[in-house]
Amino acid sequence: MIIPKSHQLTPNQMAEVTKIVTEFGCSIHPIVGAMRTIYAILGDERDELMINRLEGLPYVERIDRIQSPFKLMDRRSDLSTHRITIGGATLGDELFVIAGACTIDPKNPNLFYETAAAVKEAGANMLRGGVWKPRTNPYAFQGDARSMDILMEASRRTGLPADTEVMEEAQIKVALDAGVTCLQVGARNALNYSLLRAIGREIAERRDVVVLLKRSIHMGPLNEFISAAEYIASFGNPNILLCPRGTTPTLDGYRNHPDESITPLLKEKTWAPVVVDPSHSVGKASYVPACAMAAVAYGADGLCIETHVSPSEGIGDDPKQSITPAVLADTITRARQIWALRHDTAVA
Ligand code: PEP
Ligand code: MN
């Protein structure tokens, strides 16, 4: 929809916009109002270049898009009934919980094995464990490829599918070959389009694999978040979970600005399940349960919670933001009650 700056386009302006949209196989239909005329673009109006050219015209105030730019991730797309099932649990049918350590300590595998057993016992559906880590400080522990064996051994022992972050193209294949079910794209890489494309390509034929796509702190409009998912889905596998994990500017006292409240907005635009990460949102173990429950109240389909049997012995984020398995068990119980409440009532 073209909204002109003046009450209506002059004949010359009309000719110019008509020429542009015709090049893209569209036509213009004026809608005459009492005060102002606006111009509907008939046809597929999603072409970015056409929109840019129209928006660049000095007499155009703005272009309102009626059609979604997302062919696959849009709520109204053919995939709107697509369901994602992981390890026997279907997103949307029950609250899906990912839990485990931020970072696997390769020097202390038992701590991870104990953590894995404990999160399973607490009711988690998937085991998370960082093998390669994106760290702000280049001198901080960057992860260790040897931790992949520990992650997969813990996954085998517990029967929980494994989730780990990949930061480079080469790691995608290593993770898939090892048997990882969920490739995590971290907040720092959510706008790394070559990595998103590489993941899309590698998992195109692997419907048993899912992606947990974190929201970048640099993502402003929600469309940017959904577009990142569209990048992956465009190769053929739409098993993508959207993960708000706190954004910027930080809220005084929290690690980031908790953003679980974007869940209803995401759900209006996309069918993709929303799995909120309260751990990185608030960044401190004592605040995590409240943020987790708030996320479910906002309509989240799942949670990704850093958990450790002995947080003070952990590495990476674990000492400050991992909750213990006992707190996880309690949080899952309460969060599942909230989930049931939401899904049993008309407001859900
Ligand atoms: C993590 O999950 O440990 C992590 C680094 O997350 P994020 O990318 O959200 O910072
Ligand atoms: Mn972490």
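The values are calculated or read from the model by the stated rules, or taken from the named source; none is laboratory data. Quick caveat, the model's predicted, so the values are computed rather than measured. No Cβ is skipped: glycine too gets one built from the backbone with ideal geometry, and neighbour counts run over all protein chains shown.
For region 271-289, the count of residues that are polar (S, T, N, Q), touching a residue at least 40 places away in the same chain (Cβ under 8 Å) and farther than 20 Å from THR90 by Cα is nonzero.
Results for (1) touching a Gly at 6+ places or on another chain (Cβ under 6 Å); (2) within 30 Å of HIS343 (Cα to Cα); (3) aliphatic (A, V, I, L, M), shown as yes or no for each residue.
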{"position": "GLY56", "(1), (2), (3)": "no, no, no"}
{"position": "VAL60", "(1), (2), (3)": "no, no, yes"}
{"position": "ARG65", "(1), (2), (3)": "no, no, no"}
{"position": "PRO106", "(1), (2), (3)": "no, no, no"}
{"position": "LEU111", "(1), (2), (3)": "no, no, yes"}
{"position": "ALA116", "(1), (2), (3)": "no, yes, yes"}
{"position": "ALA124", "(1), (2), (3)": "no, yes, yes"}
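Filtered by the rule that a residue be closer than 17 Å to ILE338 by Cα and either crowded, with 21+ Cβ neighbours inside 10 Å or within 15 Å of ligand 2 (Cβ to nearest atom) (or both), region 278-295 gives PRO278, VAL288, CYS291, ALA292, ALA295. Here ARG65, ARG135, ARG83, ARG75 are screened, and the one residue that is over 23 Å from ALA154 (Cα atoms) and more than 22 Å from the chain's Cα centre (by Cα) is ARG65. Whether any residue in region 147-168 is farther than 15 Å from ARG128 by Cβ and among the β-branched types (Val, Ile, Thr) is what I want to check. No, every residue in region 147-168 fails to be farther than 15 Å from ARG128 by Cβ and among the β-branched types (Val, Ile, Thr). All conditions but one from (1) modelled with pLDDT under 95; (2) crowded, with 16+ Cβ neighbours inside 10 Å; (3) of a type in the set (Gly, Ala, Ser) apply to ALA140; the one that does not is (2). When ILE217, ILE305 are screened for being within 23 Å of VAL131 (Cα to Cα) and at pLDDT below 95, only ILE217 passes. I need the helices (runs of 4 or more DSSP H) fully contained in region 269-321, keeping only those with at least 2 residues that are more than 16 Å from ligand 1 (Cβ to nearest atom). Filter on region 269-321 gives 288-297. For VAL210, the conditions (1) modelled with pLDDT of 95 or more; (2) more than 16 Å from ligand 2 (Cβ to nearest atom); (3) surrounded by fewer than 20 Cβ atoms within 10 Å (Cβ to Cβ) all hold with the exception of (3). Quick check, is SER147 surrounded by 15 or more Cβ atoms within 10 Å (Cβ to Cβ) and either at pLDDT below 95 or within 15 Å of ligand 1 (Cβ to nearest atom) (or both)? In short, yes. Inspection of region 104-118 finds a residue satisfying the criterion of being away from ligand 2 (no atom under 16 Å from the Cβ), of a type outside the set (Asp, Glu) and touching a strand residue (DSSP E or B) at 6+ places or on another chain (Cβ under 7 Å). Annotation note: of ALA162, ALA101, ALA187, the sole residue that is modelled with pLDDT of 95 or more, within 16 Å of ligand 2 (Cβ to nearest atom) and touching a His at 6+ places or on another chain (Cβ under 6 Å) is ALA101. Quick test for you: out of LYS107, LYS120, pick the one residue that is more than 16 Å from ligand 1 (Cβ to nearest atom), over 22 Å from the mean Cα position of the chain (by Cα) and part of a loop (DSSP other than H, G, I, E, B). Exactly one of LYS107, LYS120 is more than 16 Å from ligand 1 (Cβ to nearest atom), over 22 Å from the mean Cα position of the chain (by Cα) and part of a loop (DSSP other than H, G, I, E, B), namely LYS107. Inspect all residues belonging to region 256-264 and state whether any of them is away from ligand 2 (no atom under 15 Å from the Cβ), surrounded by fewer than 22 Cβ atoms within 10 Å (Cβ to Cβ), at pLDDT below 95 and closer than 30 Å to LYS71 by Cβ. The answer is no, given that none of the residues of region 256-264 is away from ligand 2 (no atom under 15 Å from the Cβ), surrounded by fewer than 22 Cβ atoms within 10 Å (Cβ to Cβ), at pLDDT below 95 and closer than 30 Å to LYS71 by Cβ.
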